[in-house]
1. What do you reckon, is Asp5 in contact (Cβ under 8 Å) with a residue 24 or more places away in the chain, closer than 25 Å to Tyr138 by Cα, surrounded by 15 or more Cβ atoms within 10 Å (Cβ to Cβ) and among the acidic types (Asp, Glu)?
2. What are the pairs, 6+ residues apart or on separate chains, where a residue within the stretch 145-161 that is at positive phi and modelled with pLDDT under 95 has its Cβ under 9 Å from a residue that is buried (at least 16 other Cβ atoms within 10 Å of the Cβ) and in a helix (DSSP H, G or I)?
3. Would you please name the residue that is farthest from Phe136 (Cα to Cα), looking only at residues in the stretch 190-211 that are under 16 Å from the mean Cα position of the chain (by Cα) and surrounded by 21 or more Cβ atoms within 10 Å (Cβ to Cβ)?
4. Looking only at the stretch 231-274, how many residues end up being within 25 Å of Glu107 (Cα to Cα), over 17 Å from the mean Cα position of the chain (by Cα) and modelled with pLDDT of 90 or more?
5. Of all residues in the stretch 162-195, which are assigned to a helix (DSSP H, G or I), touching a Phe, Trp or Tyr at 6+ places or on another chain (Cβ under 7 Å) and either farther than 23 Å from Ala45 by Cα or touching a residue at least 40 places away in the same chain (Cβ under 8 Å) (or both)?
6. Could you check the stretch 18-62 and list, in sequence order, the residues that are under 23 Å from Trp133 (Cα atoms) and among the β-branched types (Val, Ile, Thr)?
7. I need the full set of residues from the stretch 40-56 which are touching a Ser or Thr at 6+ places or on another chain (Cβ under 9 Å) and of a type outside the set (Ser, Thr, Tyr), in order please.
8. Restricting to the stretch 74-91, and then to whatever is out of contact with any Lys or Arg (no Cβ under 9 Å at 6 or more places or on another chain) and assigned to a strand (DSSP E or B), can you tell me which residue is nearest to Ser131 (Cα to Cα)?
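The values are calculated or read from the model by the stated rules, or taken from the named source; none is laboratory data. Computed from a prediction, not measured in an experiment: that's the story for all the values here. Please note: Cβ atoms are built from the backbone with ideal geometry, for glycine as well, and neighbour counts cover all protein chains shown.
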Amino acid sequence: MKNFDFCVVGNLFVDRVQIVNKFISGASNASISVRDSLGGTYNTAKNLCELDNTTKIFLSTVIGNDKQGLYALEVLDQSKHDRKGFDYHARYDGDKTTAALIICETEKKIRSSIVDWGACKTSDKFSLPESKWYHFMYLDTIHGITEEIFKKVPKGSIISADFCLSSHTVEEKRRIMKMMKYVDYAILSEDSANSITDQTLEVYSAMELGERVKKAAIVHSPKGSFVSSQGHDFICSSEYINDTKLDVLGAGDAFAASFMYNTSKNPDSLQDNVKSAHAFATNYIQGDR
C-alpha cells in the first residue's frame, strides 16, 4: 500500500508579490498591496489539501541555507501542524533558496516575475516516498530530475508534470522531449507548450505532446484548454472573466491541483476533469489571499 496519495516534487518559491493595477515599464508604479508567500510546490500541495482534507500529500523540495529557507521551513512546519494529511521533506543543498519578485497586473490579469534561482535548479536530492501520484512541478527548471529518477517511480503510480518557462534552449527542449515518454499527464501553458514544440498554435503543440506522453497533454490558457489524449483531441472552454481586475498568481497551480485530484478519482472523465480544473482556478483567483 502506498503511503501518500500525491507527492508534489520540485521548486519551492519564496515570493514577494506586488499587486498593481497596471505596470508601465520605466515609470514609478503605485503598489496596491504587497505580500510574502510560498509558491510553486507549496501552492499546489495546499490546493490539494483544500480540495480534500483527508488526502495524504507529501511535498518534496530543496532549499538553501538562508533566511528564505528558514521562512519556508516555518510555513511548512505550520502547515504540517494544521493539515492532518500533509507532510514534507525540504533538504538543504546549497546556500540559496529560489526566490522571486512577482508583479501582478490586475487590469490586464497577467503576472511578470524576476526569479533568483536557487538550490532546486540543479539539485537531484529530492525525496520520493511511496505515492499513488507524483507531480513534478516546473520540470523545465529542475535539471536534476532525470530519466533515471522517473524510472525509480513505483510501477502503477501516475506521473504528471507541468512547466513554467516561456522560452527554452535547444538543449532544454531535447531534455524535456526525452522525458515525456515517462509522463502520463503533461500540463502546460500555451507559451510553454509552443516553445517546447517550436509551434505557433497551442492546438498543434498539444497534438505533438499528446503523441509523446502516456495519457494526455493539456495546454491551457485563461480562455480554455486544448487536450490531446491518445489520438483524441478536444477543446474545453473556461469562464473567462473580462470585466474584473484580478490577481491571477497561482491560477496554474490551482488548475493542476484540481485536475490531479479529480483525475485520480475519475480517470475516465478527462473532459469533465479539465472543465472542473478551469472552474477551480477561476474560483481561486476570485478568492481572498
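1. Working: in contact (Cβ under 8 Å) with a residue 24 or more places away in the chain: yes; closer than 25 Å to Tyr138 by Cα: yes; surrounded by 15 or more Cβ atoms within 10 Å (Cβ to Cβ): yes; among the acidic types (Asp, Glu): yes.
Considered against the rule, which asks whether it is in contact (Cβ under 8 Å) with a residue 24 or more places away in the chain, closer than 25 Å to Tyr138 by Cα, surrounded by 15 or more Cβ atoms within 10 Å (Cβ to Cβ) and among the acidic types (Asp, Glu), Asp5 comes out as yes.
2. Note: no pairs meet the criteria.
3. Going through the stretch 190-211, the residues under 16 Å from the mean Cα position of the chain (by Cα) turn out to be 190-193.
Adding the requirement that they be surrounded by 21 or more Cβ atoms within 10 Å (Cβ to Cβ) leaves 190, 192-193.
Numbers: Glu190: 18, Ser192: 15, Ala193: 16 Å.
Per the criteria, the residue is Glu190.
4. 0
5. Of the residues in the stretch 162-195, the ones assigned to a helix (DSSP H, G or I) are 170-182, 190-195.
Now drop any that are not touching a Phe, Trp or Tyr at 6+ places or on another chain (Cβ under 7 Å), which leaves 179, 182, 192.
Correct list: Met179, Ser192.
6. Taking the stretch 18-62 first, the residues under 23 Å from Trp133 (Cα atoms) are 38-62.
If the condition is that a residue be under 23 Å from Trp133 (Cα atoms) and among the β-branched types (Val, Ile, Thr), then Thr41, Thr44, Thr54, Thr55, Ile57, Thr61, Val62 are the ones that fit.
7. Correct list: Gly40, Asn43, Ala45, Lys46, Asn47, Leu48, Cys49, Leu51, Lys56.
8. Residue satisfying both the conditions and the ranking: His89.
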